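The next block holds one structure in the form of structure tokens; read it before the comments.
The values are calculated or read from the model by the stated rules, or taken from the named source; none is laboratory data. The model shown is predicted, which means the values in this text are computed figures rather than measured ones. Positions of Cβ are backbone-derived with ideal geometry, glycine not excepted, and every protein chain shown enters the neighbour counts. For the accessible areas, the whole protein counts, side chains as well, though only heavy atoms, and no ligand, DNA or RNA atoms are used. Shrake-Rupley method; radii C 1.70, N 1.55, O 1.52, S 1.80 Å.
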Amino acid sequence: MARPATTSESDVPIAVLPATQYSWQMRYDVAPSDREAVRTLVDRTGFFHGDEIDIAVELVDARLTNGVASGYEFVFADSPEALAGYACYGAIPCTAASFDLYWIAVDPHFQRQGLGRMLLEDVERQVAAKGGERIYIDTSGRDQYRRTRAFYERSGFCCEARLKDFYAPGDDRVIYVKNLVKTC
Ligand SMILES: CC(C)(COP(=O)(O)OP(=O)(O)OC[C@H]1O[C@@H](n2cnc3c(N)ncnc32)[C@H](O)[C@@H]1OP(=O)(O)O)[C@@H](O)C(=O)NCCC(=O)NCCS
């Protein structure tokens, strides 16, 4: 686990300091500067097309404009220098207790250090506190997303459905769910 950064570490450029020497500060409020921070982070993962990156920023915009009424809740993990990771989730309209995880991403510099799991567990705690019982996640069946699917499965999510060729020929939509009140 990372230890808290000292003042002198904060002065060191991000590329110089080993990633394990960073700590993350969790944050739930959304600031205008998060538009560009989210764009940069999501782009840096190399996983998303331009139109998908635009959607990630639109969710931030919706929250900035409409507040809680937007239906989008955020968990940000700040490193001293930049946004290290974030998740966006919300209640699914017209359901009793189902939530969607719309987005989760960790900057490549901070991946495989437990931050993705920390964000997911934070989302699970907050969903449970809001009376949510199930969290759904959509992802792609493409090979590029094999590690992402492994991440969800290692985090206790179960594959509930697979919609063949949903996104494009050869690109299935894979739907994961985690039941917070009983194991699936
Ligand atoms: C998926 C993602 C959020 C995971 O974040 P992360 O901080 O790297 O994950 P963690 O370090 O918390 O890993 C938690 C578990 O997931 C699994 N996992 C994570 N990355 C993995 C990888 N590259 N290969 C295999 N397993 C992996 C591991 O089993 C790990 O458990 P362990 O530490 O007990 O082995 C991050 O890799 C990411 O941003 N990927 C690109 C964007 C993306 O795919 N977002 C989701 C879109 S649907």
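When you count the other C-beta atoms within 10 angstrom of each residue and take the mean per peptide, 106-116, 151-161 line up highest first as 106-116, 151-161.
Straight Cα distances below 18 angstrom link Lys130 to the aspartates and glutamates Asp29, Glu73, Asp100, Glu121, Asp122, with same-chain residues fewer than 8 positions distant left out. Along the positive direction of the dipole of the chain (beta-carbon charges: Lys, Arg +1; Asp, Glu -1; about the Cα centre), which of Ala31, His49, Phe166 reaches farthest? Value: Phe166.
For a test of the definition: using alpha carbon positions, the gyration tensor, and the 1.5 limit on a/c, classify the stretch 105-184 as rounded, prolate or oblate. Judged from the Cα gyration tensor, the stretch 105-184 comes out oblate (a/c at least 1.5, b/c at or above a/b). For Ser23, the residues whose modelled amide H falls within less than 5 Å of its own, excluding neighbours fewer than 5 places apart on the same chain, are Ala5. Given axes a ≥ b ≥ c from the Cα gyration tensor, I'd like to know whether the stretch 76-122 is rounded (a/c under 1.5), prolate (a/b larger than b/c) or oblate. Prolate, because a/c is 1.5 or more and a/b exceeds b/c.
Computed over neighbours whose Cβ is under 10 Å from that of Phe74, the net charge equals -1, Lys and Arg +1, Asp and Glu -1.
Of the beta bridges DSSP finds with both residues in the chain, what % are antiparallel, to the nearest 5? Close to 90 percent. For the chain, which whole-number percentage of the solvent-accessible area (1.4 Å probe, protein heavy atoms only) is attributable to carbon and sulfur atoms? So the carbon and sulfur contribution to the accessible surface is 52 percent. Descending by average beta-carbon neighbour count within 10 Å, the peptides 83-96, 126-139 line up as 83-96, 126-139, the highest first. Within the straight-line cut-off of under 23 Å between alpha carbons, the lysines reachable from Lys164 are Lys178, sequence neighbours fewer than 8 places apart in one chain being disregarded. Here the chain is treated with +1 on each Lys and Arg Cβ and -1 on each Asp and Glu Cβ, and its dipole about the Cα centre works out to around 740 debye. Other residues within the sphere of radius under 13 Å centred on the Cβ of Gly46, judged by their own Cβ, net out at -1 (K and R +1, D and E -1). At a probe radius of 1.4 angstrom, the accessible area of the stretch 33-123 per residue rounds to 44 square angstrom. For the stretch 64-145, the Cα gyration tensor yields ellipsoid semi-axes of 23, 16, 12 Å (square root of five times each eigenvalue, largest first, whole Å). The shape of the stretch 31-103 comes out prolate: with a ≥ b ≥ c from the C-alpha gyration tensor, a/c is at least 1.5 and a/b beats b/c. The alpha-carbon atoms of the chain define a convex hull whose volume equals 128 cubic angstrom per residue. Note: relative contact order over the chain, using C-alpha pairs below 8 Å and six or more positions apart, is 16 percent. Report the Cα centroid-to-centroid distance between the stretch 81-131 and the stretch 136-168 in angstrom, as an integer. Cα centroid of the stretch 81-131 versus Cα centroid of the stretch 136-168: 16 Å apart. Summing charges over neighbours of Arg63, with a neighbour being any other residue whose Cβ is under 14 Å away from its Cβ, gives -3 when K and R count +1 and D and E count -1. Here the 3J(HN,Hα) profile of the stretch 70-82, calculated from phi with Karplus coefficients 6.51, -1.76 and 1.60 at θ = phi - 60°, is 5, x, 9, 10, 10, 10, 10, 10, 8, 8, x, 9, 7 Hz, Gly and Pro shown as x.
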